[in-house]
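Asks: Starting off with a structure, shown below.
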Amino acid sequence: MKIYLATNNKNKKREMAELFPDHTIVIPADENIPFDPDETGTTFYENSLIKAKALYEIVHCPVIADDSGICVDALEGNPGIYSSRYAGPEFMHGRPDGQKISQDEQNRFIIEQTTQAQKQGLPKGAYLNGSRSCHYTCAMVLYCGNDRLFVAQETFEGCLIDSIEKQAGNGGFGYDPIFFLPDFGKTVAELTPDQKNEISHRGKAVRAIQQIIKNFKNF
């Protein structure tokens, strides 16, 4: 089945194609469809639904959208839904001019900001195995029309490394090189694609959506 993915992020397309090997994943850019909806929601789910509805209204075919981000306990769950726009402690929700900074800068800022919060006293429960706990969240929507949609939301727990010099791995994308998994002794970026998809927030959400697609054929 052809499924549209409501993003122009080629890394997300690659991961979703790995997770949906029996289906054809198409992003708007593949068909020269202009797509840049305003993500005005206050939760991962709301932003995911905004993107799904916006693309469905163009293609009128099943659409999958996800909204995901990193939530750092020491930063009271931030940057969260603003993860892609995060630009350091002065611009937690993004720069006023809308310009994004590089991922390397984002990684450096979030480590430094978490270290500063740690020195000032972390909120209760902000430690994991003696380090700085965080998690990824993914809210995924399968949208098949105004009155038919399905939602899965999952998390992926780990902790931030304490120095940018410790970032490691060339796999994944985003904050993966600084997202450490104590049980593996590796960052997410050091995992193989299969390892990441087995345990990640997006992988778990996809499996829930896969089961829905398997049970409901008439999309």
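Asks: Quick check on the stretch 1-89: what are the equivalent-ellipsoid semi-axes from the Cα gyration tensor, as sqrt(5λ), descending, whole Å?
Replies: Numbers: eigenvalues 130, 43, 25 Å².
One finds semi-axes of 26, 15, 11 Å for the stretch 1-89.
Asks: Can you tell me what share of the DSSP beta bridges in the chain is antiparallel? A percent to the nearest 5 is fine.
Replies: On the way: 30 of 35 bridges.
Restricted to the chain, the bridges split so that about 85 percent are antiparallel.
Asks: Calculate for the chain the 222 nm mean residue ellipticity that helices alone would give, adding -39,500 (n - 2.57) per DSSP H run of length 4 or more and normalising by residue count, nearest 500 deg cm²/dmol.
Replies: Taking each H run of at least 4 residues, the total per residue is -9500 deg cm²/dmol.
Asks: Any idea how far apart Asn215 and Lys2 come out in nm if each label point goes 7 Å out from Cα toward Cβ?
Replies: Using points 7 Å along Cα→Cβ, the separation is 2.8 nm.
Asks: How much length is gained if the chain between Gln120 and Asp36 is pulled fully straight, taking 0.36 nm per residue apart and subtracting their Cα-Cα distance, in nm to one decimal? Please report the intermediate quantities before stating the final value.
Replies: Numbers: separation 84, 0.36 × 84 = 30.24 nm, distance 3.86 nm.
Difference between extended and current length: 26.4 nm.
Asks: Go through 175-187, 23-35 and give me the packing order, highest mean Cβ count within 10 Å leading. Could you put the intermediate results ahead of the total?
Replies: Values: 175-187: 19.5, 23-35: 14.5.
By packing density, highest mean first, the sequence is 175-187, 23-35.
Asks: Within the stretch 179-202, what residues put their amide N at less than 18 Å from the label point 7 Å along the Cα-to-Cβ vector of Asp162?
Replies: The answer is 179-183, 185-187.
Asks: Quick one: pull the percent of accessible area on the chain belonging to carbon and sulfur, 1.4 Å probe, ligands and nucleic acids left out.
Replies: 47
Asks: Taking the Cα centre of the stretch 130-177 as the origin, how large is its charge dipole in debye, to the nearest 20, when only Lys and Arg (+1) and Asp and Glu (-1) carry charge on their Cβ atoms?
Replies: Details: 3 positive and 6 negative charges, 11 e Å.
Dipole about the Cα centre, nearest 20: 60 debye.
Asks: Using unit Cβ charges (K, R positive; D, E negative) and no other charged atoms, how large, in debye to the nearest 20, is the dipole of the chain about its Cα centre?
Replies: Its charge dipole is roughly 360 debye.
Asks: Mind jotting down a quarter of the surface of the convex hull over the alpha carbons of the stretch 158-219, in square nanometres, one decimal?
Replies: With the hull built on Cα positions only, its mean projection is 5.0 nm².
Asks: Another question, then. So who's got an amide H within less than 5 Å of the one on Arg132, skipping anything under 5 residues away but keeping other chains? H placed 1.01 Å off N, in plane.
Replies: Leu160
Asks: Quick check on packing: order 162-174, 101-113 by the mean number of other C-beta atoms within 10 Å, highest mean leading.
Replies: 101-113, 162-174
The values are calculated or read from the model by the stated rules, or taken from the named source; none is laboratory data. Because the structure is predicted, anything quoted here is derived from the model rather than measured. Here the Cβ is made from the backbone with ideal geometry for all residues, glycine too, and neighbour counts use every protein chain on show. We work out accessible area using only protein heavy atoms, side chains counted, and drop any ligands, DNA or RNA first. Shrake-Rupley method; radii C 1.70, N 1.55, O 1.52, S 1.80 Å.
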